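Since every read-out is calculated from the coordinates, none of them should be taken as a lab result. What you see is a predicted model, and the numbers here were worked out from it, not measured in a lab. Cβ placement follows ideal geometry from the backbone for every residue including glycine, while neighbour counts extend to all protein chains displayed.
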Amino acid sequence: MTERFTKAAARNIFYGGSLFFFAAFVSLTALSHIYVVETGTDHKGITEGVARGKHVWEKHSCINCHSIMGEGAYFAPELGNVWIRYGGDKDPDGARVALKGWMQAQPSGIEGRRQMPQFNLNEQELNDLADFFEWTSRVNTQNWPPKVSG
Amino acid sequence: MKYETQKVALPYFYGALALFGVQLLVGLLAGIVYVMPNTLSELLPFNILRMIHTNALIVWLLMGFFGAAYYLIPEEAERELHSPKLAYIQFGLFMFGALAAVVGYVFRIHEGREFLEQPMWIKVAIVVVALMFLYNISLTVLKGRRTVITNILVMGLWGIAIFFLFSFYNPTNLSLDKMYWWYVVHLWVEGVWELVMASILAFLMIKMTGVDREIVEKWLYAIVGLALFSGLLGTGHHYYWIGTPGYWQWIGSLFSTLEVAPFFFMVVFAVQMVLKGGRNHPNKAALLWSVGCAVTAFLGAGVWGFLHTLSWVNYYTHGTQVTAAHGHLAFFGAYAMINLAIFSYAMPHLRGVAPYHQTLNKASFWLMTGGMTVMTFALTFAGVVQVHLQRVMGMDYMSVQEQIAPFYWVRLAAGAAVFIGAALYLYALLGPVPASKRTPAAGAMQPAE
């Protein structure tokens, strides 16, 4: 590096620049926070069921096989839009029944197929999980994923 | 080794290597589950395996960073560590917490958020451990000589602790949860961890190449500046599809493209220092790991990151095997290798001997790095096919997975190579020192300035 670019100059650029970009990032996330609450998600629509459903999702660490809005493990299907895939936007009751049936039928035990554990969820937990998936399917994800297959 | 208290690094290195072993063992098992899905499916389902695989990785890297800091800070600050006793207690607490977490996971005790699965009491213990550590090194640095390396290193380590605090915030709104979750995950690995990595690399370059400290430190400021200027707003590439505003698509695309720059300059830096430095350092294995780290980090974090970071590409690749490919090579290149480099450099000093088992160590480098490269290609090809079938054609997830199964066999084989490479590395570092190497090399004892 040239002589004109001194260590002191490098230091000042580093500290000043980092501070600037950190402030910019924090400001933008503050704006995004407001956007998420007001526009991006149905924040008022977070019922007790949705909140409990999120807890069920975490309690069994579903995210370490599945992904949700594309984040998680990539070992099992995307679930951010599973409600839509089950037709929940048109027939919510049908989707709920199908989802519960699926959860209760695991593991399939089929040789050579990935196995989902049996989590022994009770009726309320199953309903809460369905509420959570229903809520998540309504998040404005900028039209992601490209296909309903997730 | 110039200062007695640098020895504190030893248990940290041993602990890190033990957890590295756990990470690889469980990773290998998870690789087997991918091709033979019924393996242990009831006893240890995949979500538990992955939890252990990723957590062991994070903890061993952190433990390595702690050890590296304890090793290099006395030498940089030119004084003994403030409190070696506190450092040993900190190690005991951290190792206990790590093992308790792993055992707990096996029994399904976890908080279930990706990478932040640690139960609350372990999260609190991590904060306590971090405070003990920061107190200890900050006092050492404040009382001693201040160098750019210690400044950047300490800043990075404080950043790790501060951003970890966001792990305690778990809002019920999933989108908000994700937004702040990235404050821990992204601002760690694409922010403050880069500060730690670059300062360790700079330390190794000063010691092994003999290039003037002024030059190295100027480079260090430039590299970490680029890392933070690009990496902070680069967080935007995680805010494309999670309920956050659309403007992140162009901010994220622009700044995360620039995230390639610091990694590119790390390669230029490392190569230039080695070429310019007149020093013929006897620890060629450590030098190989150091330069290899810069190169592999550039490929894994830089190139493979760029590959899917533009929003209009990421729209199709987000959450596919492309992401997995990037994750594996980036973590290995940037953070596993910088640890393996400083371990290779420091162990002969800590054991008071000349560099030993050099050929074996270098062989382990090629086996591990080669294995990781093949694994990355296998997952990338799997990802590209997955993108086409699932995201363009709309084929369902499980049918697509059947189509890409052959790639998972390649990945498993590559993983086995990495595992063997790691076993060689462990022997090269921890095995008995040959009689001819039992006295320290004269040149290696004198630190360059």
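Which of A:D91, A:D128, A:D42 ends up with the largest GNM mean-square fluctuation for chain A, with Cα atoms connected below 10 Å?
A:D91
For a bin width of 5 Å, list the pair-distance distribution of the stretch B:10-148 built from all Cα-Cα distances, rounded to whole %.
2, 10, 18, 19, 16, 12, 9, 6, 4, 2, 1, 0
Along the Cα-to-Cβ line of B:A405, 7 Å from the Cα, sits a label point; which residues in the stretch B:17-38 have backbone N less than 14 Å from it?
Inside the label zone: B:33-38.
Rounding to the nearest 10 and keeping the result within 0 to 90°, find how far the Cα-based axis of helix A:92-105 lies from the longest principal axis of chain A.
Helix A:92-105 and the main axis of chain A meet at about 90 degrees.
Taking the Cα atoms only, what angle lies between the long axis of helix A:7-35 and the longest principal axis of chain A, rounded to 10 degrees?
Between helix and principal axis, roughly 30 degrees.
Quick one: putting +1 on the C-beta of Lys and Arg, -1 on the C-beta of Asp and Glu, what dipole do you get for the stretch A:1-69 around its Cα centre, in Debye to the nearest 20?
260 debye
For the protein assembly as shown, what is the convex hull (Cα atoms) projected area averaged across all directions, in square nanometres? Mind showing how you got there, number by number?
Details: hull surface 100.7 nm².
That works out to 25.2 nm².
What do you get for trypsin sites (Lys or Arg not before Pro) in the stretch B:345-449 restricted to DSSP loop and a cutoff of at most 13 other Cβ within 10 Å of the site's Cβ? List each step's numbers first, then the result.
Numbers: sites: B:R351, B:K362, B:R391, B:R411, B:K437, B:R438; in loops: B:R438.
Hits after loop and neighbour filter: B:R438.
Using the C-alpha atoms of the stretch B:179-284, what convex hull volume per residue, in cubic angstrom, is computed? Write down the numbers at each step before the final one.
Working: hull volume 9.4 nm³, N = 106.
Here the figure is 89 Å³ per residue.
What's the Cα-based Rg to Rh of the stretch B:296-352, Rh via Kirkwood? Don't skip to the answer; put the middle values down first.
Numbers: Rg = 15.6 Å, Rh = 12.6 Å.
Value, to two decimals: 1.24.
What is the projected area of the convex hull of the Cα atoms of the stretch A:1-40, averaged over all directions, in nm²?
Mean orientational projected area (the stretch A:1-40, Cα hull): 3.5 nm².
Enumerate the aspartates and glutamates that B:K2 could reach by cross-link, defined here as Cα to Cα under 19 Å, with residues fewer than 8 away along the same chain left out.
Result set, ordered by chain and number: B:E75, B:E76, B:E78, B:E80, B:E449.
So if a site counts as exposed when it's one of the chymotrypsin sites (Phe, Trp or Tyr not before Pro), its DSSP state isn't H, G, I, E or B, and it has at most 14 other Cβ atoms within 10 Å, what's the longest stretch of chain B without one?
That gives B:248-449 as the longest site-free run.
Could you tell me the extents of the stretch B:301-449's C-alpha atoms along the three principal axes, largest first, rounded to whole Å?
65, 34, 16
Using the crude model of +1 on Lys and Arg Cβ and -1 on Asp and Glu Cβ, and no other charge, please compute the dipole size for chain B relative to its Cα centre, in debye to 20. All intermediate terms of the calculation are to be shown ahead of the outcome.
On the way: 24 positive and 19 negative charges, 202 e Å.
That gives chain B a dipole magnitude of about 980 debye.
Do the alpha carbons of any pairs in B:K362/B:K437; A:K59/A:K100; A:K44/B:K123; B:K143/B:K207 sit beyond 21 Å of each other, and which pairs? Write down the numbers at each step before the final one.
Working: B:K362/B:K437 17 Å; A:K59/A:K100 17 Å; A:K44/B:K123 30 Å; B:K143/B:K207 23 Å.
Correct reply: A:K44/B:K123; B:K143/B:K207.
So what is the 222 nm mean residue ellipticity for chain B from helices alone, if each DSSP H run of at least 4 adds -39500 (n - 2.57) and you divide by all residues, rounding to the nearest 500 deg cm²/dmol?
Counting only the DSSP helices, I get -24000 deg cm²/dmol.
Which of B:N314, B:A286, B:S256 sits farthest toward the positive end of the charge dipole of the stretch B:208-356, with +1 on the Cβ of Lys and Arg and -1 on the Cβ of Asp and Glu?
The residue sitting farthest along the positive end of the dipole is B:A286.
Would you tell me the mean number of C-beta atoms belonging to other protein chains that fall within 10 Å of each C-beta in B:399-405, as a whole number? Let's see the in-between values first.
Details: counts 1, 2, 6, 2, 0, 0, 1.
Partner-chain Cβ atoms within 10 Å, mean over residues of B:399-405: 2.
Please report, to one decimal in angstroms, the Kirkwood hydrodynamic radius of the stretch B:104-223 built from all distinct Cα-Cα pairs.
Details: mean 1/r = 0.0615 Å⁻¹.
One decimal place: 16.3 Å for the Kirkwood radius.
Suppose we take every Cα in the stretch B:323-391 and form the convex hull; what volume per residue is that in Å³?
Details: hull volume 3.9 nm³, N = 69.
Here the figure is 57 Å³ per residue.
Using a Gaussian network model of chain B whose springs link C-alpha atoms within less than 10 Å, name the residue from B:P45, B:P262, B:P74 with the highest mean-square fluctuation.
Most flexible of the set in this elastic network: B:P45.
B:R279 versus B:I420, label points 7 Å from Cα toward the beta carbon: distance in nm?
Result: 3.5 nm between the two label points.
So, in Å, what gap is there between the alpha-carbon centers of the stretch A:3-54 and the stretch B:129-147?
Cα centres, the stretch A:3-54 to the stretch B:129-147: 29 Å.
Of the candidates B:T439, B:T172, B:T296, which one comes out as most mobile in a Gaussian network treatment of chain B with C-alpha springs shorter than 10 Å?
B:T172
For A:K147, go through the aspartates and glutamates and keep the ones whose alpha-carbon is under 13 Å away, minus same-chain ones fewer than eight residues off.
Answer for A:K147, where 13 Å is the Cα cut-off: A:E78, B:D396, listed by chain and number.
Against the globular-protein guess of 2.2 N^0.38 Å, express the Cα radius of gyration of chain B as a ratio, rounded to two decimals. Spell out each step's value before the answer.
Values: Rg = 21.4 Å, N = 449, 2.2 N^0.38 = 22.4 Å.
Against the compact-globule rule of thumb, the ratio is 0.95.
Which one, B:Y240, B:T209, B:W182, is farthest towards the positive end of the dipole of chain B when Lys and Arg carry +1 and Asp and Glu -1 on their Cβ?
Of the candidates, B:T209 comes out farthest on the positive side.
Taking the convex hull of the Cα atoms, report for the stretch A:46-150 its projected area averaged over all directions, in nm². Don't skip to the answer; put the middle values down first.
Values: hull surface 26.6 nm².
Seen from a random direction, the Cα hull of the stretch A:46-150 projects 6.6 nm² on average.
Among the helices of chain B (complete DSSP H runs), which have Cα atoms covering no less than 27 Å along the helix axis and a Kyte-Doolittle mean of at least -1.0? Numbers along the way, then the final one.
On the way: long enough: B:9-35 (39 Å, 1.86); B:46-77 (45 Å, 1.01); B:84-106 (33 Å, 1.44); B:120-143 (35 Å, 1.87); B:213-234 (31 Å, 1.05); B:358-386 (41 Å, 0.78); B:405-430 (37 Å, 1.55).
Those that pass (Cα extent of 27 Å or more, hydropathy at least -1.0) are B:9-35, B:46-77, B:84-106, B:120-143, B:213-234, B:358-386, B:405-430.
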